[in-house]
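Below: the structure, in structure tokens.
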Amino acid sequence: MNLPNQLTVSRLLLTGVFVACFYLPWENSYSIAVIVFGAASFTDYLDGAIARARNLVTNFGKLFDPLADKILIAAAFILLSVEKDIPSWITILILAREFFVTGIRQIAASQGAVLAAEKLGKHKMLWQIITVLYFMLAAASEEPLFAFARPAFEPSPAHEWIGGFIIYFTTALTVVSGLSYFWKNRRLFADA
């Protein structure tokens, strides 16, 4: 297994560590979880950059890289919804988009094609990561490890506006990228 694919697998493993850290009864559980989430997210950038630079693009990577992304993001949004940091309907919409795109990939696979992630989907992923980091850092700022960030997340109109902008922009981008992915691959549904 090449290095980019190893990084993809590590992202799956780090997702499990992230979820476990989120629930550990430690003083800095959110803080550690946000660090693990950041590390897992960074592997998404690394595996793609290395695969392109070294010409190590594989079907495994095309399939499992976006799948690892979806699992990481789904876990984060579900946890943030459970904690009431993000409205549940937004998490449901984001998960629905991910299932929708996975379904398109399965149809393509049944026809012998492997669909890689698209540029708009990569932007969507970046904004989803930013959204998770923002809301997790807000929670982590209540803990000793990230207490230095507390002033940035004090209740204020600016904090409310920034949080609202991030979550709604990310949600809109998620929906648009899903519709775009469907439109670009509509030929897969020619027999409908």
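The values are calculated or read from the model by the stated rules, or taken from the named source; none is laboratory data. The shown structure was predicted, so the numbers you read here are calculated from the model rather than taken from an experiment. In this analysis, Cβ positions are derived from the backbone assuming ideal geometry, glycine residues included, and neighbour counts consider all displayed protein chains.
Checking each residue in segment 73-122 for being in a helix (DSSP H, G or I) and of a type in the set (Asp, Glu) picks out only 98.
Considering only segment 180-191, I want to know if a residue exists there that is under 26 Å from residue 46 (Cα atoms) and assigned to a helix (DSSP H, G or I). Yes, segment 180-191 has at least one match.
Rundown of residues vs (1) of a type in the set (A, V, I, L, M); (2) modelled with pLDDT of 95 or more; (3) surrounded by 16 or more Cβ atoms within 10 Å (Cβ to Cβ), yes/no style:
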site	(1), (2), (3)
4	no, no, yes
21	no, no, yes
25	no, no, no
33	yes, yes, yes
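For the structure I just gave you, tell me whether residue 148 is in contact (Cβ under 8 Å) with a residue 24 or more places away in the chain and surrounded by fewer than 15 Cβ atoms within 10 Å (Cβ to Cβ).
no
For the criterion of being of a type outside the set (Asp, Glu), under 26 Å from residue 137 (Cβ atoms) and surrounded by 16 or more Cβ atoms within 10 Å (Cβ to Cβ), residue 45 fails. Is it the case, given these coordinates, that residue 135 is under 21 Å from residue 91 (Cα atoms), in a helix (DSSP H, G or I), aromatic (Phe, Trp, Tyr) and within 24 Å of the chain's Cα centre (by Cα)? When the stated conditions are applied, residue 135 passes them.
Here residue 10 meets each of (1) part of a helix (DSSP H, G or I); (2) in contact with a Pro (Cβ under 6 Å, 6 or more places away or on another chain) with one exception, condition (2).
Looking at segment 52-75, I want the residues that are closer than 29 Å to residue 136 by Cβ and have a partner that is surrounded by fewer than 16 Cβ atoms within 10 Å (Cβ to Cβ) and of a type in the set (Ser, Thr, Tyr) with Cβ atoms under 8 Å, at least 6 apart or on another chain. Which pairs are those? From segment 52-75, the pairs are 67/102; 70/102.
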